[in-house]
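Here is the structure we will look at, set down as structure tokens.
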Amino acid sequence: MNRLLPPSHRLPGFILAHAALLAGACFMLLPFVWMLLTAIRAPDEILTGGLNPIPRSFHAVENFSGALAQAPLLNFMLNGAIVCAGILVVQLIVAIPAAYALAKLRFRARGLLFALVIAGLCVPIQVPALPLYLALAEFNLLDSYFAMMLPFFLSVFAIFLFRQTFKTFPDEIIHAARVDGVGEFEILWRIVVPSAFPAIAAFSIFSIVAHWNDLYWPMIVIQRLEYAPPPLGMLFFTSSESGASYGVLMAGATIITAPLVIVFLIARRRFVQGITMTGIK
């Protein structure tokens, strides 16, 4: 136990730092806790229960069954899984070779290309949204999975992250593999990529969370219910006539959020490794 504690003269700072982290964690978790509490409350208690964390009556079965009956949540989640998986696979296929080239190969304009990658980090999706929409409409590709995936196939953030990771890989191992006659693609996929798995896992979590929660682009290109991803599907819980049923709404939000929480809990160790080790070793 004593090994876990710092020296006595550093103990106050240690306590303050962990108290601040604990307070920040509670602040971040509060919306999720309130979402769960709202999902199990009765409708008449949601707006009159005040700050009491314990519901007077549990209405979880009614709220969750109502959420599943009011809108095809499972279909929305399947759409989200298809879109996130398709985007992630193409992002990795494109970003990993590009990052390896910028990190380990010597060629002209390498610095210029890396500068363009950095500049690309400053361009939000709203900037090319109109020309992308017009192009998809011209080729009759709206209302499709491809329309939701297309703007995100190239991830400059992934290129930057993997490039920083590949820079830390020893050049001696790559040179030895080249001397043995191993090709560049084989060096990349069989030698370099396995060592970068924490960074790949970290980016995968970033990508899945970002596109699972994306509402802006699907609202533009999707009109048909059968292609709606989870955030767009949540709009079907509101009614212009009767308003929103907040218990059912929060139950639906809980169902849609649960896969992200599960994925993060499974990959949290790799996620932390990928963030802390990138560009440091």
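Only a single criterion out of (1) assigned to a helix (DSSP H, G or I); (2) of a type in the set (A, V, I, L, M, F, W, C); (3) closer than 30 Å to Pro170 by Cα; (4) free of Cβ contacts under 8 Å to residues at least 40 places away in the same chain is not satisfied by Phe107, namely (1).
Name the single residue that is surrounded by the most Cβ atoms within 10 Å (Cβ to Cβ) among those in the stretch 126-170 being among the polar types (S, T, N, Q) and not in a helix (DSSP H, G or I).
Ranking the qualifying residues of the stretch 126-170, first place goes to Ser155.
In a residue-by-residue description of the stretch 164-176, the property of being more than 30 Å from Leu232 (Cα to Cα), modelled with pLDDT of 90 or more and of a type in the set (Gly, Ala, Ser) applies to at least one position. For the stretch 87-109, does any single residue satisfy the condition of being of a type in the set (S, T, N, Q) and touching an Asp or Glu at 6+ places or on another chain (Cβ under 9 Å)? No - not one qualifying residue is present in the stretch 87-109.
Yes or no: the stretch 42-54 includes at least one residue that is under 30 Å from Ala251 (Cα atoms), among the β-branched types (Val, Ile, Thr), over 20 Å from the mean Cα position of the chain (by Cα) and assigned to a helix (DSSP H, G or I). Full working, then the answer.
Our first condition is that a residue be under 30 Å from Ala251 (Cα atoms); within the stretch 42-54, this holds for 42-54.
After this cut, where a residue has to be among the β-branched types (Val, Ile, Thr) as well, the list is 46, 48, 54.
Restricting the remaining residues to those that are over 20 Å from the mean Cα position of the chain (by Cα) gives 46, 48, 54.
If we keep only those that are assigned to a helix (DSSP H, G or I) too, we end up with 46.
Within the stretch 42-54, one or more residues are under 30 Å from Ala251 (Cα atoms), among the β-branched types (Val, Ile, Thr), over 20 Å from the mean Cα position of the chain (by Cα) and assigned to a helix (DSSP H, G or I).
Looking across Phe206, Phe197, one residue alone is in contact with a Gly (Cβ under 9 Å, 6 or more places away or on another chain) and farther than 14 Å from Ala103 by Cα. It is Phe197.
Scanning the stretch 156-213 for residues that are out of contact with any helix residue (DSSP H, G or I) (no Cβ under 9 Å at 6 or more places or on another chain) and within 23 Å of Arg268 (Cα to Cα) yields a single hit, Pro194.
The values are calculated or read from the model by the stated rules, or taken from the named source; none is laboratory data. As the structure is a computational prediction, the values presented were derived from the model and not from experiment. Don't worry about glycine lacking a Cβ; one is built from the backbone with ideal geometry, like all the others, and counts go over all protein chains shown.
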